[in-house]
1. Within region 115-123, is there a residue that is on the phi > 0 side of the Ramachandran plot and modelled with pLDDT of 95 or more?
2. Step by step: first the residues of region 87-118, then only those that are out of contact with any helix residue (DSSP H, G or I) (no Cβ under 9 Å at 6 or more places or on another chain) and part of a helix (DSSP H, G or I), then the one that is nearest to residue 40 (Cα to Cα). Which residue is that?
3. How many of the residues making up region 129-161 are part of a helix (DSSP H, G or I) and either surrounded by fewer than 20 Cβ atoms within 10 Å (Cβ to Cβ) or out of contact with any strand residue (DSSP E or B) (no Cβ under 6 Å at 6 or more places or on another chain) (or both)?
4. Applying the selection to region 50-86, what residues are buried (at least 19 other Cβ atoms within 10 Å of the Cβ) and outside any strand (DSSP E or B)?
5. Hey, does region 98-119 have a residue that's within 14 Å of the chain's Cα centre (by Cα), surrounded by fewer than 18 Cβ atoms within 10 Å (Cβ to Cβ) and closer than 14 Å to residue 71 by Cα?
6. Quick one: count up the residues across region 7-44 that are in contact with a strand residue (DSSP E or B) (Cβ under 6 Å, 6 or more places away or on another chain) and assigned to a loop (DSSP other than H, G, I, E, B).
7. Condition first: surrounded by fewer than 16 Cβ atoms within 10 Å (Cβ to Cβ) and closer than 16 Å to residue 154 by Cβ. Can you find one or more residues in region 35-43 that meet it?
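The values are calculated or read from the model by the stated rules, or taken from the named source; none is laboratory data. Because the structure is predicted, anything quoted here is derived from the model rather than measured. Here the Cβ positions follow ideal geometry from the backbone for every residue, glycine too, while neighbour counts run over all protein chains shown.
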């Protein structure tokens, strides 16, 4: 946990009164652009980054139209990612978080390899559900690690219908 908090303190400053200015800098410098360029060599990539509420870059990765794909969050807080396999038109579920690539999905193997080569740590469902002492803009306290490293919306499968 200390690894996450150390990165968060460097990014936000005081975790009880965070400064979100670092994300504007990240939007300008696009630190994950080389990784995304590599992924675009073999996948369709849609940028879904929420520039208002997030502190991460989010993408939908697919092999083609109407195909299963992945949701990828790349943090501006530190070298952290959340990768979730999403069969076409399915809800996000906890069991689909990818930490180790599924050998039955060759594109997933390549995605994981590209992320690891870039020094990215893939976070597990349990890690992002962990509670941390952080007070985001809306005053909630404590919150999940997801809010600290990815954005304001909280753990994606907690919102599934």
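1. Yes - at least one qualifying residue is present in region 115-123.
2. Step by step, filter region 87-118, then rank; the result is 107.
3. 7
4. 55, 76, 77
5. yes
6. Selection size over region 7-44: 2.
7. Among the residues of region 35-43, not one is surrounded by fewer than 16 Cβ atoms within 10 Å (Cβ to Cβ) and closer than 16 Å to residue 154 by Cβ, which makes the answer no.
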